[in-house]
1. Rolling a 1.4 angstrom probe over the protein chains, ignoring ligands and nucleic acids, what is the accessible area of A:LYS232 in square angstrom, nearest 10?
2. Can you work out the FRET efficiency for the pair A:SER110 and A:LYS232, with r the C-beta to C-beta distance and R0 = 45 Å, to the nearest 0.05?
3. So what is the calculated 222 nm ellipticity per residue for chain A, using -39500 (n - 2.57) for each DSSP H run with n of 4 or more, over all residues, to the nearest 500 deg cm²/dmol?
4. Using only the heavy atoms of the protein chains and a 1.4 Å probe, how would A:ARG63, A:ARG565 rank by accessible area, largest first?
5. Quick one: divide the alpha-carbon radius of gyration of the stretch A:220-280 by 2.2 N^0.38 Å and tell me what you get.
6. Report the gain in length on full extension from A:ALA177 to A:ASP31: 0.36 nm times residue separation, minus Cα-Cα distance, nm rounded to one decimal.
7. Which value results for Rg/Rh of the stretch A:540-622 when Rg is the Cα radius of gyration and Rh the Kirkwood radius based on the inverse mean 1/r?
8. Once Lys and Arg get +1 and Asp and Glu get -1 on their Cβ, which of A:PRO49, A:GLY99, A:VAL383 lies farthest toward the positive end of the dipole of chain A?
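The values are calculated or read from the model by the stated rules, or taken from the named source; none is laboratory data. From a predicted model like this one, the values you see are computed outputs, not experimental measurements. Don't worry about glycine lacking a Cβ; one is built from the backbone with ideal geometry, like all the others, and counts go over all protein chains shown. For the accessible areas, the whole protein counts, side chains as well, though only heavy atoms, and no ligand, DNA or RNA atoms are used. Shrake-Rupley method; radii C 1.70, N 1.55, O 1.52, S 1.80 Å.
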Amino acid sequence: MPRRPPNPNDHLLRPSSSSIIRLVKSVANLDEPPNPPYLLHLFRQIPTPTTFLWNIVIRALFRGSSPLDSLRLYDQMRKRSVSPDAHTFKYSFKACGAGSLIKEGKSIHSDCVRRFAETDALIANSLMQMYVEFGEIGDARRVFDSIVTKDVVSWTTILNGCLKSGAVDEAVKVFDAMPERNVVSWTIMVSGFAKIGLSGEAIGFFKRMVEEGVKPDEVSIVSVLSACARSKDLETGEWVHRLCGNKGELTAVALVDMYAKCGNMESARRVFESADRRVTPAWNALIDGYCKSGDLESAQSLFDRMDHQRRDVVTFNSMITGYIHGGRFKEALRFFKEVQRLGLRPDNFTIVGFLTACTSLGALDQGRALHAYIVTSPIKNDVYIETALLDMYAKCGHIDHATAVFARMQCKDRQAFTAMISGLAVHGEGESALTHFDSMIEQGIRPNGVAYIAVLSACSHSNLVEEGRKRFKEMKSIHHIEPEIEHYGCMVDLLGRGGRLKEAEDLIQTMPIEPNSVIWASLLNACRVYNDVELAEKAAKKLIELEPDEDGAYVLMRNVYTRARRRAEAANVRRLMEAKGVRKMKGWSSIVVDGAVHEFVSGEASHPEMERIRAKMEEVEGRLRSEGYVAEGAGEVWMDVTEEEKEGVVCAHSERLAVAFGLVRLGSDATIRVMKSLRICGDCHSAIKMVSRIYAREVVVRDRSRFHRFRDGVCSCNDFW
DNA sequence: AAGTGTACAA
């Protein structure tokens, strides 16, 4: 029968019953899913449909993604006492599976056993598949065992169910016991193992399949290429490429993605350029590859070359994360505006990207606005969004909001716990961080190296030396995680700041990894705090070897000599710096007022409201002095300036300018929130403490390593940072 | 009965 296109006005012609039946059959059998209301409208005009007609409409409806309509039809069929046959059940089970209609599925199952034995593979296979989609592997297994003559689909379905439910050993048993395996069975093994991170095994199954003479199809090729991409197995990827050529647009996409993820952008580009159809996923895979390799220019030029109509939300998401990883947050935020302007629907990936940009910029207000938007939008919170949200609040200074987000999370994974722990760490809440870590382990979540970085840095920020030592030992002895350079860095910091300089030095000497600049800088900083000139000289020498152009070692060394009253040597360091052309890095601070970011650089007077700021600073200085404040500049030199300049410039440190600006422009009860690019200096720290008391203002400073919350003359760091 | 591009913690 020739298929005719559905015409919405056909029903107006009041056709005969037989032509309606022909129309329903043709609409229901279309490859493209029909419009459900239209199909139902036609169907209802048939006075007494046969079981066959009910069946094809039930099938058409769930294919058109209306599984609930399928089941309504099944119910009507029963009410009108039409006998269901095997196909009725097959399609109804599929509809239940597709729509996660668990209750309905079980009830139809019991209807079914009253009429048919489960031993019929036609029914049993779809029933099994339904239980697999419900995640009820036990029920699926029971159905499987009851089938008398299992065909290859029965075996393959239960195999898929085992892997989906995480029963890997069971899956292997089923696979070995199968009397016959086709390309689908093999592909299930390939993708199932790849999904749980065992890409090597996944690739092994593919190779075995080829050896046993089963011809790979496009789905299996795509699966194995994805496994190669995941495990960065370029060699196998190239072998698959030779095996399959680049036939088929899905293969081409998978090849581009595989080469890009393996870091071979030349091959990725070659496949892309020679593909007959450059579909959006292929562009996206290539763009993302350039972003991941840090080549934002190539990514941007591809993006520009792309047909505007072709760009989808994934394209934008890739660009956004690319710019974020490149540290270009403001440009990343511009893509969001573009997504909205084009009327594309931001998805969870977009939201996470936006939040990450806010976190890095310290843009609390924008992050908060997005949080409000999520609540009212159709976007469903997931663990990524929630983790990004809590991280945003923590890093923007609101540890209480972060804690609240965390408490409400339905499923807390390792990343969520780690974000919470490191949030508590930078706020100096070490004990709470350790409690969270312990409760994570109690819940059966195994820590990894990153979680341990968070824990050890929490100990180090809160001066929990013994706890830190204990955790560091347990890391290897209990959790079998080999410490990496970052963990040694935390330990050197912890021991050094805790005054155990000798132990810190011993650790550096005995650690199995070559110490890096972070480690030597930590030790040097500890030497400055505890006035150990000799060890400081050793550390500085190493640091300068590793980073000859950086100013850190010189600045710290000058402070060490000055504090030890060895002025000649301090001056010598200064001369050395000048001779080598090492320049001091200028720090900056920023503060948000009325949604606008204001940036301040030490000693610079470029801000348009500088007059008011200067007046405020003079007033503040006056009040500090009358309260007995003396600039610590006499003992410690923090800036690269001469003695005469010293006090004046210390007073003009960027964080002081930002705080003064906050006093001028913010309401008298608003918290002053400042972000600083470097660590806060000791002098500013004491001054801001007093400001918080004299002006009865809460001041929060986020510096390079942690938060300082100043309230009533006290800082949350307890002067330890 | 199987597959495909983008995300969070340091």
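1. 130
2. After rounding to 0.05, the efficiency reads 0.35.
3. Per the formula, -20500 deg cm²/dmol.
4. Descending order: A:ARG565, A:ARG63.
5. 0.95
6. Extra length from A:ALA177 to A:ASP31 when fully extended: 48.9 nm.
7. 1.13
8. A:PRO49
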